[in-house]
Amino acid sequence: MPPIRSLYVTEPPTQPTMGPVSTLQRLRDLYNDTLKGFVPADLVKALLPSQDVTMPLTTILPGAAAGEFADQQLAEPVRRTIKAYHGSPHDFDQFSLSKIGTGEGAQTYGHGLYFAEHPEVAQQYKQETRGRYLDTATGNLVDSRKISDPTEIGTGKRFQPAKGRTYEVNIHASPDELLDWDKPLSQQPPKVQEALEKLAKENPYSDVRKYEHSVGRHAYEAISSSDPEYATEQLKKAGIKGIQYLDQGSRSAGEGTKNFVIFDDKIIEIAKKYGISLPIAASLYKWQQSQQSQKGVE
C-alpha cells in the first residue's frame, strides 16, 4: 500500500485551474478509493455533511491511521477539465479567438474555437491542409490555384507549404457548462437552462423555450439573429462556456465522442503539440478507453 502522504497530500497545482468539485463528492471519492477497507462507513457517513475540503486529516481519519500526518491538509480541490484535440495549419503556443477563420473550420456549430474529444477527428482536420499553403502575410490558408505569382511559393517565401499540427488541450470547463447543440432545451444541463432563462428575460424575442421541439441549436440561432459572434458573446456573459455536439462518427448512433466549440480562449491550456501524424495519440486514447472499460467490470 502506498504511503498515506501520497494518498492524501499532494503538491499544489503548477497551472491555474478552475471549477472545484463539490466537497461531499471529493470526500466520497476519497473514501471509496482508499479508505473503505479500514475506516468504518458509519464514521465517514456521520462526518460527511459538515466537512470542509481543507480540513485536517484527523477530521476524517482515526488518529492511528493519520499518524504523523495528522496536521496535514488535504490537497487543493480537484478541478474539472475536458481533454480534447485540435488540428491546425498553424504553429502557436496559445489559442486566440482573434485567429478564428484562419484555419480549416467552417464555424458550422457556432462562433468559437473548435476541439474534438477523439484525436482522430482533429487529425482529419490537420490532413486537410495537405497541398495547401500558408500565407505568411495574412496567416490564412490558401489553395495554390489562388496564388497569382508561383515564384512566391516555397520555404522562406510568402506562401509556405502548410505542415499542420495537432494540439492536445485541457479545457477548463465541464460538460454541464456547455450548450448541447442537439438536445431539447428541457434536457439541457441546469446551468445552461438558468443562463437561457436569464437571456430570455433580457431579450424575449430570442426565447424559443415555448416551442415544443426546440433544441440547443435553435436557442443559439435565435440569440444570434444572423450574427454568431454576438450569440457567442451573450452566452459567454450568461455563464455558458461553449457548445457540445456529437462528432460525425457518432451522430448516426446518437451517442459517442463529441466535438466542442469553446467561447473563451483563456480557459484553454495546451498540454501537448504534435508536428507529425497522430497514430500514437490515437492508439493511446483507445488504450485508455479499454482500461476504463475493464475497471468498470472489476
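The values are calculated or read from the model by the stated rules, or taken from the named source; none is laboratory data. Not measured: the values here are computed from a predicted model. As a convention, Cβ positions derive from the backbone with ideal geometry for all residues, glycine included, and neighbour counts pool all protein chains shown.
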Take the residues in segment 138-173 that are hydrophobic (A, V, I, L, M, F, W, C) and buried (at least 18 other Cβ atoms within 10 Å of the Cβ); name whichever of them is farthest from Lys258 (Cα to Cα). Phe159
Please verify whether Ser174 is modelled with pLDDT under 80 and of a type in the set (Ser, Thr, Tyr), treating the condition exactly as stated. no
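Out of all the residues in segment 177-195, is one or more free of Cβ contacts under 8 Å to residues at least 40 places away in the same chain, among the aromatic types (Phe, Trp, Tyr) and touching a strand residue (DSSP E or B) at 6+ places or on another chain (Cβ under 6 Å)?
no
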Might you check whether a residue that is over 29 Å from the mean Cα position of the chain (by Cα), of a type in the set (Phe, Trp, Tyr) and modelled with pLDDT of 75 or more occurs anywhere in segment 132-148? yes
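So that you can scan it fast, the table gives a plain yes or no per residue for (1) at pLDDT 75 or above; (2) loosely packed, with under 15 Cβ neighbours inside 10 Å; (3) in a loop (DSSP other than H, G, I, E, B); (4) not acidic (Asp, Glu):
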| residue | (1), (2), (3), (4) |
| --- | --- |
| Pro77 | no, no, yes, yes |
| His86 | yes, no, no, yes |
| Glu104 | no, no, yes, no |
| His111 | yes, no, yes, yes |
